[in-house]
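Have a look at the structure below before the remarks.
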Amino acid sequence: MADAAFVPMTAVAKPLRDRRLITRGLDRCSLPVFSAWLAPWFVMLAVGLYATYLALRFGLNQTNMDNRFAFGLWIFLDLGVIALGAGAFFSGFLLYIMKLRELQAVINTAVILGFVCYSGAIAVLLVDVGQPLRAWFTFWHPNVHSMLTEVTFCISCYLAVLTLEYLPIVLKNRRLKQNASFLVFEWELHRLVPLLAGIGTLLSFFHQGSLGGLYGVLRGRPFAYRAGLGIWPTTFFLFILSAMAVGPSFLLLVLSAVEGITGKKLVAADVKMTLGKISGWLLIPYVLLKSVDTLVWLHSTSRQAGFRPWEYYCWKPFGFWVLLAEIVVCGFVPAILLIRRATRSRPWMLVLSAALACTGVLLNRFVLTIQTLALPTLAFDKFMVYYPNWQEFAVFGAVVAYAVIVYSLSYRYLPLFPQEKELNRVSRS
Amino acid sequence: MFPGVDGFHWTFAHIFFVSVFLSIAAALAGIVIASLARGGRDIANGRAGQIRWSLDFAELPLELRQCRHAVTGEAPGRICPNAFDCRHCEEHAKFRQARAGQCDNAACGLFYPNYRYYHRGHTWVTPQKDGTLLVGLDAIGEHMVGKPDSVRMPAPGSRVVTNGEGWRMSKDGFEVRVLAPIDGTVVQTGTPQDGWYLRVQPDSHPPDLRHLLRGEEIEAWVSREIERLQCALSPDADTPLLADGGVLMEEFIREVPAARRDEVLGEMFLEP
């Protein structure tokens, strides 16, 4: 063997090999396999970027939306991912404020999911609103009477919070943390994460609520309009509660999907059960309040506006089944399954319940966005039908692809799961 | 929305909203500025090494974080609360008073002379007559990597701190950091052929070496480390192979399954 090469510590430049970026002791697939996994997502992202170009270059006539149907697939996507991404703020709140240490095992994934959900939502909003170069107008010349103003301010600030929470995770990369400056910055930033979690909770509380509130205040849309407390319609509170309930479920779903795809145990079973339990106990008050709210709406609020309950559900495909599916099948059923230890201790039941809970909240956002606009409100109105075109689906797909790519890269190159080494060592033996 | 901009009114709602928004924006900016300022101060005060070690220590598996007195059986299961720096541990003094005696520190044919002090990152320290301290790889460390392919040494005159980076070395493309066992200033660097790597002028005279292993506890620690190596060499990584009574071979890191070599190297030198 040749003599060892002795060189000063500061004058070494080594080729950057993929494995040197992967956390020591974590088993990851080869680079070619990883590239093959990413390739279709990059194609999907590229198609979405092309559709984005078309929408920004030629305007929203590139979509199937119009002046009557101004909210479509993209707004549904925004509402959906913002609800599902609530796992970030709620997990942070439970871990750093309520000191539920068990969630340390999933907090990194929660933050990344929150980051991709919110950044994806804002990206789609920029396409949907159009004229992104004038996006700053919303801050400088806001409509102070619109709940969207509060949403805009809160979402922008919260994305900054999520970026600051994501940054320490990125700086934990094996290669990056060799740099002393990155290391100490990550250390010091991480010490302030509880403060960030507090700010994130405050911001999330308001923008989740305001997203619901902006439907509840639509007096001209009796299907969405709700009475409320003070200036806040009931949808304000239901959106907050539903996002808190479904955030842990979505986290659970993603963890299960990643474990299924990678074939590794990443999080202990009891942590997943805790997530399910939290979700279940929050779903219960949500669906109860949602049921009460629906009954009050059907029997009082809506009648005062001159609409009888069945009128909303006689337009196909929005039958009464939608309401049943949202409140019973995707509300009460998963809530009961999740709060019962016997059912949530079965992995497949846990995942099924979480999937139902997520579906229920997505259905809620879909109904409020699409059904609200589709239903006629005046005597001469017609029931409107809207199908997204390929540009809308492509942009939707691009957000999904972006999320998968960011999460995949994070999973490969960052130490996301503190329990992974231990769990897989045990499973090997 | 903002004063001076069309649409702003000096009403409670406007002022409250702007105040809340600006407070949050200021808090976020403050967090970033505070982190940068504190980080800069940490680097200026030479705390980067300690910070790195505290992060690494927290990521080590539980069995690697056991107290030296847990290894010797005096405090079963005790996890070190001081990241292997016994100089700040009140319990440590009590345990040491309870122990006495010397032993012959040879295990598996490995040479662990009694006149040396040992760090759990597989380095030894030998006080010299001129007041300096020699630092080298212990027998397990040497047997594990043999002759490193390359070594990155600190420049003479630079400081090393206990549990900070001593030097880095690579073997077959796998790089690992070796922890410095003591505080001091590097006065000279050695080579594997010399049998030592660093000559350090300690910060204090006499040097404070209470955090290093010595005497009878070395045998218990070496036995534990051998057991860990046996686990690492086994196909399923958790069941120790039966010892055949032989001695450790040179460069035995090459006997570890390739997929786990990086991990084992990191665990032995306490770099997760």
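Looking at A:Arg57, A:Arg101, can you tell me which residue is in contact with a helix residue (DSSP H, G or I) (Cβ under 9 Å, 6 or more places away or on another chain) and farther than 26 Å from A:Ile370 by Cβ?
On the way: A:Arg57 fails: in contact with a helix residue (DSSP H, G or I) (Cβ under 9 Å, 6 or more places away or on another chain).
Residue meeting the stated conditions: A:Arg101.
Quick one: in region A:85-114, which of the residues that are surrounded by 24 or more Cβ atoms within 10 Å (Cβ to Cβ) and not aliphatic (A, V, I, L, M) is farthest from the chain's Cα centre (by Cα)?
A:Gly92
Just to be sure, is A:Arg191 without any contact (Cβ under 8 Å) to a residue 24 or more places away in the chain, surrounded by fewer than 18 Cβ atoms within 10 Å (Cβ to Cβ), within 9 Å of chain B (Cβ to nearest Cβ) and not hydroxyl-bearing (Ser, Thr, Tyr)?
yes
Which of the residues belonging to region B:63-77 are at pLDDT below 90 and within 14 Å of chain A (Cβ to nearest Cβ)?
Within region B:63-77, B:Glu63, B:Leu64 meet the criteria.
Count, please, the residues in region B:51-62 that happen to be facing chain A (nearest Cβ under 9 Å) and either assigned to a loop (DSSP other than H, G, I, E, B) or among the acidic types (Asp, Glu) (or both).
Qualifying residue count for the region: 2.
Take the residues in region B:170-180 that are part of a loop (DSSP other than H, G, I, E, B) and more than 12 Å from B:Gly49 (Cα to Cα); name whichever of them is farthest from the other protein chains (Cβ to nearest Cβ).
Taking the candidates together, the pick is B:Asp172.
Checking the condition over 21 Å from the mean Cα position of the chain (by Cα), assigned to a helix (DSSP H, G or I) and modelled with pLDDT under 95, which residue from A:Leu378, A:Leu373, A:Leu368 passes? I'd like the intermediate steps shown before the answer.
Values: A:Leu378 fails: assigned to a helix (DSSP H, G or I); A:Leu368 fails: over 21 Å from the mean Cα position of the chain (by Cα).
Testing whether each residue is over 21 Å from the mean Cα position of the chain (by Cα), assigned to a helix (DSSP H, G or I) and modelled with pLDDT under 95 leaves just A:Leu373.
Filtering region B:146-160 down to residues that are in a strand (DSSP E or B) and not hydroxyl-bearing (Ser, Thr, Tyr), which residue is farthest from B:Gln201 (Cα to Cα)?
So, considering only residues that are in a strand (DSSP E or B) and not hydroxyl-bearing (Ser, Thr, Tyr), the one farthest from B:Gln201 (Cα to Cα) is B:Val151.
Residues in region B:16-31: is at least one under 30 Å from A:Gln419 (Cβ atoms) and either of a type in the set (Val, Ile, Thr) or more than 9 Å from chain A (Cβ to nearest Cβ) (or both)?
yes
Looking at A:Ser210, A:Ser249, can you tell me which residue is more than 14 Å from chain B (Cβ to nearest Cβ), among the hydroxyl-bearing types (Ser, Thr, Tyr), assigned to a helix (DSSP H, G or I) and on the phi < 0 side of the Ramachandran plot?
One residue alone meets the criteria, A:Ser249.
Is it the case that some residue within region A:173-183 is within 9 Å of another protein chain (Cβ to nearest Cβ), part of a helix (DSSP H, G or I), closer than 28 Å to B:Gln50 by Cα and in contact (Cβ under 8 Å) with a residue 12 or more places away in the chain?
yes
State the number of residues belonging to region A:155-166 that are free of Cβ contacts under 8 Å to residues at least 60 places away in the same chain and more than 9 Å from chain B (Cβ to nearest Cβ). First the steps, then the outcome.
Filtering region A:155-166 for residues free of Cβ contacts under 8 Å to residues at least 60 places away in the same chain gives A:156-157, A:159-161, A:163-164, A:166.
In the following step, the residues that additionally are more than 9 Å from chain B (Cβ to nearest Cβ) were identified as A:156, A:159, A:163, A:166.
Adding up the residues that qualify gives 4.
Select, from A:Val296, A:Val361, the only residue that is under 22 Å from A:Gly247 (Cα atoms) and either assigned by TED's automatic domain parsing to the domain that holds A:Val254 or surrounded by 14 or more Cβ atoms within 10 Å (Cβ to Cβ) (or both).
Working: A:Val296 fails: under 22 Å from A:Gly247 (Cα atoms).
So the residue among A:Val296, A:Val361 that is under 22 Å from A:Gly247 (Cα atoms) and either assigned by TED's automatic domain parsing to the domain that holds A:Val254 or surrounded by 14 or more Cβ atoms within 10 Å (Cβ to Cβ) (or both) is A:Val361.
Checking the conditions here, which among B:Thr123, B:Thr185, B:Thr162 is surrounded by fewer than 20 Cβ atoms within 10 Å (Cβ to Cβ) and of a type outside the set (Phe, Trp, Tyr)?
B:Thr185
Report whether or not B:Ala48 is within 14 Å of chain A (Cβ to nearest Cβ) and either exposed (fewer than 14 other Cβ atoms within 10 Å of the Cβ) or at pLDDT below 90 (or both).
no
Name the pairs: first residue in region A:117-136 and more than 21 Å from A:Ala401 (Cβ to Cβ), second residue of a type in the set (Gly, Ala, Ser), Cβ to Cβ under 8 Å, at least 6 apart or on different chains?
A:Val129/A:Ala135; A:Gly130/A:Ala55; A:Gly130/A:Gly59
Among the residues that make up region B:137-146, is at least one of them in contact with a strand residue (DSSP E or B) (Cβ under 7 Å, 6 or more places away or on another chain), at positive phi, touching a residue at least 12 places away in the same chain (Cβ under 8 Å) and not basic (Lys, Arg)?
Within region B:137-146, not a single residue is in contact with a strand residue (DSSP E or B) (Cβ under 7 Å, 6 or more places away or on another chain), at positive phi, touching a residue at least 12 places away in the same chain (Cβ under 8 Å) and not basic (Lys, Arg).
With modelled with pLDDT of 90 or more and more than 8 Å from chain B (Cβ to nearest Cβ) as the only criterion, which of A:Ser204, A:Ser146 stands out?
Exactly one of A:Ser204, A:Ser146 is modelled with pLDDT of 90 or more and more than 8 Å from chain B (Cβ to nearest Cβ), namely A:Ser204.
Which ones in region B:156-169 are in contact (Cβ under 8 Å) with a residue 40 or more places away in the chain and within 12 Å of chain A (Cβ to nearest Cβ)?
B:Val160, B:Gly164, B:Glu165, B:Gly166
In region B:13-45, which residue that is surrounded by fewer than 19 Cβ atoms within 10 Å (Cβ to Cβ) and among the hydroxyl-bearing types (Ser, Thr, Tyr) is farthest from B:Glu227 (Cα to Cα)?
The extreme case among them is B:Ser19.
Residue-by-condition table, conditions (1) touching a Gly at 6+ places or on another chain (Cβ under 6 Å); (2) part of a loop (DSSP other than H, G, I, E, B); (3) not small (Gly, Ala, Ser):
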| position | (1), (2), (3) |
| --- | --- |
| B:Thr162 | no, yes, yes |
| B:Val200 | yes, no, yes |
| B:Ala220 | no, no, no |
| B:Cys231 | no, no, yes |
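Scan region B:1-15 for residues that are over 15 Å from A:Cys154 (Cβ atoms), in a loop (DSSP other than H, G, I, E, B) and at the interface with chain A (Cβ under 10 Å from one of its Cβ atoms) and report the count. Can you show your working first?
Taking region B:1-15 as the starting set, the residues that turn out to be over 15 Å from A:Cys154 (Cβ atoms) are B:2-15.
Filter again for in a loop (DSSP other than H, G, I, E, B), leaving B:2-11.
After this cut, where a residue has to be at the interface with chain A (Cβ under 10 Å from one of its Cβ atoms) as well, the list is B:2, B:5-9, B:11.
Of the residues in region B:1-15, 7 are over 15 Å from A:Cys154 (Cβ atoms), in a loop (DSSP other than H, G, I, E, B) and at the interface with chain A (Cβ under 10 Å from one of its Cβ atoms).
Would you check which residues across region A:150-181 are among the hydroxyl-bearing types (Ser, Thr, Tyr) and surrounded by fewer than 18 Cβ atoms within 10 Å (Cβ to Cβ) and list them?
A:Thr163, A:Ser181 - these are the residues of region A:150-181 that are among the hydroxyl-bearing types (Ser, Thr, Tyr) and surrounded by fewer than 18 Cβ atoms within 10 Å (Cβ to Cβ).
If the requirement is being over 26 Å from A:Tyr166 (Cβ atoms) and of a type outside the set (Asp, Glu), which of these qualifies: A:Leu126, A:Leu79, A:Leu56?
Every option except A:Leu56 fails the conditions.
Which residue pairs have Cβ atoms closer than 8 Å, lie 6 or more positions apart in sequence or on different chains, and pair a first residue in region B:1-23 that is over 18 Å from A:Ser146 (Cβ atoms) with a second residue that is surrounded by 15 or more Cβ atoms within 10 Å (Cβ to Cβ)?
Cβ pairs passing all conditions: B:Pro3/B:Val18.
Considering only residues of region A:268-290 that are touching a residue at least 40 places away in the same chain (Cβ under 8 Å) and under 14 Å from A:Thr234 (Cβ atoms), which is nearest to the chain's Cα centre (by Cα)?
First, the residues of region A:268-290 that are touching a residue at least 40 places away in the same chain (Cβ under 8 Å): A:268-287, A:289-290.
Next cut, under 14 Å from A:Thr234 (Cβ atoms) only: A:285-287, A:289-290.
Working: A:Pro285: 21, A:Tyr286: 18, A:Val287: 20, A:Leu289: 23, A:Lys290: 21 Å.
Result: A:Tyr286.
The values are calculated or read from the model by the stated rules, or taken from the named source; none is laboratory data. Quick caveat: nothing in here was measured; it's all calculated off a predicted structure. Positions of Cβ are backbone-derived with ideal geometry, glycine not excepted, and every protein chain shown enters the neighbour counts.
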